[in-house]
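What follows draws every value from the coordinates through simple rules; no lab data is involved. It should be emphasised that the depicted structure is a prediction, and the values quoted were computed from it without experimental measurement. Note that we place each Cβ from the backbone using ideal geometry, even for glycine, and neighbour counts take in every protein chain shown.
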Amino acid sequence: MSSAEAPVADQRGRIDLDQLDRQILRELAQDGRLSVNALAVRLNVSRANAYNRLQRLKKAGVITRFTAVVDPVRAGLSTSAYVMLTVRQPSWRDLKRHLRKIPEVQHMALVGGEFDVILLVRTTDNEHLRRVVLDRLQEVPGVLSTRTFLIFEDSDNH
């Protein structure tokens, strides 16, 4: 595939990526602030090729955004928990809208199994976590029950 050729999605929306595309993604996953010049040097390709590939991956929706990885403890969020929700089944779309308004909810996923939704919640301390779970999450329309699992150590941050 040439660097100018747009990747084509299959029926499921997956993009066929070649080895260079995957190397670009690995490098950017390690350092999203990597310049195009540095990326080209690391991959042993021309700057133009690196730039074109990067633009193509963004245009195809493979790269959706660049973000910072924040150490929650250093940012004052020393208590983390996974909160499992059991919800009314037809309420997922409304539920997402409500959950996005709660800043302590760092990640949410609709899952299959014993629970319907898993949340990653980060707070300043246990009292803050208690308020988020009891006062905010359990009051969201469609939430039937919650179950909270404290995280003792997060391997991404150590």
Counting only residues 5 or more apart in sequence or on a different chain, those whose built amide H sits under 5 Å from that of residue 106 are 120, 121, 122
Tell me the net charge near residue 127. Cut-off is 15 Å between Cβ atoms, residue 127 excluded, with +1 for each Lys or Arg and -1 for each Asp or Glu. +1
Along the principal axes of its C-alpha atoms, what lengths does the chain span, in descending order and rounded to whole Å? 55, 39, 24
Sparse-neighbourhood loop sites, chymotrypsin sites (Phe, Trp or Tyr not before Pro) in segment 12-94 - DSSP loop, at most 13 other Cβ within 10 angstrom: 66
Gap in Å between the Cα centre of segment 87-157 and the Cα centre of segment 34-79? 29
Please give the contour-minus-distance gain from residue 43 to residue 31: 0.36 nm per residue of separation, less the Cα-Cα distance, rounded to one decimal in nm. 2.9 nm
Mean ellipticity per residue at 222 nm, deg cm²/dmol - from DSSP H runs of n ≥ 4 across the chain, formula -39500 (n - 2.57): -8500 deg cm²/dmol
Distance between modelled label sites at residue 106 and residue 94, nm, 7 Å Cα→Cβ extension: 3.0
